[in-house]
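Scroll down for the structure; my scribbles are underneath it.
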Amino acid sequence: MSVVSVADVKTKVTLVGTVLAKQGVEFIYEGEAAECNSCKVKKACNNLQIGRKYRIVSVRATHHECMVHLDSATAVEVTEAPVTALINADMAIVNSKIKVDLSCNKSECRSYSLCRPDGVVDGEKYIVTDILGNASDICPKGRILKLVDIRPG
């Protein structure tokens, strides 16, 4: 089991749609929409890294009109959220720095979404924060896999 101290968790203030602005909500930042070009607060909304997974840790009282979100945008504090993934068992060591292998193309496999999880950016390094157990299915490619939580490293 991993232990992350509060001092280790960095937060960032950003804006999200008011409907989504609830503590604990997780999302993948997909980038700036075309409608953002003329917005005066677009830098506050688009200050996250594309493809990364974030968790809302607190909601602020600040709201802004928004052309993308129906009921305006609300300021929130976010942290990078852990991503659950299947990785080669020999890489599954808590606190080790890894690159996730996203080469699997077996989209019909039941574990495909864990071998290519949303929120992992290809080529970036991640830290294994927790080992959750063995893969629930046998890998069709013959790999021995472990289920882990990872964070950007």
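The values are calculated or read from the model by the stated rules, or taken from the named source; none is laboratory data. In this text, all values refer to a predicted model and were calculated from it rather than measured experimentally. Backbone-built Cβ (ideal geometry, glycine too); neighbour counts: all protein chains shown.
A few points about this structure:
- Exactly one residue out of I87, I98, I127, I93 is outside the structural domain of E26 (by TED's automatic domain parsing), in a strand (DSSP E or B) and free of Cβ contacts under 8 Å to residues at least 40 places away in the same chain, and it is I127.
- Qualifying residue in segment 70-82 (condition: under 17 Å from K22 (Cβ atoms) and exposed (fewer than 14 other Cβ atoms within 10 Å of the Cβ)): yes
- Test: residue in segment 107-116 that is assigned by TED's automatic domain parsing to the domain that holds L20 and part of a loop (DSSP other than H, G, I, E, B): no
- Residues that are in contact (Cβ under 8 Å) with a residue 12 or more places away in the chain and assigned to a helix (DSSP H, G or I) occur in segment 43-62; there is at least one.
- Residue, modelled with the lowest pLDDT, within segment 66-94, restricted to residues that are touching a strand residue (DSSP E or B) at 6+ places or on another chain (Cβ under 6 Å) and under 22 Å from S38 (Cα atoms): H69
- When V25, V9, V4 are screened for being within 17 Å of the chain's Cα centre (by Cα), closer than 19 Å to V120 by Cα, at pLDDT below 95 and not basic (K, R), only V9 passes.
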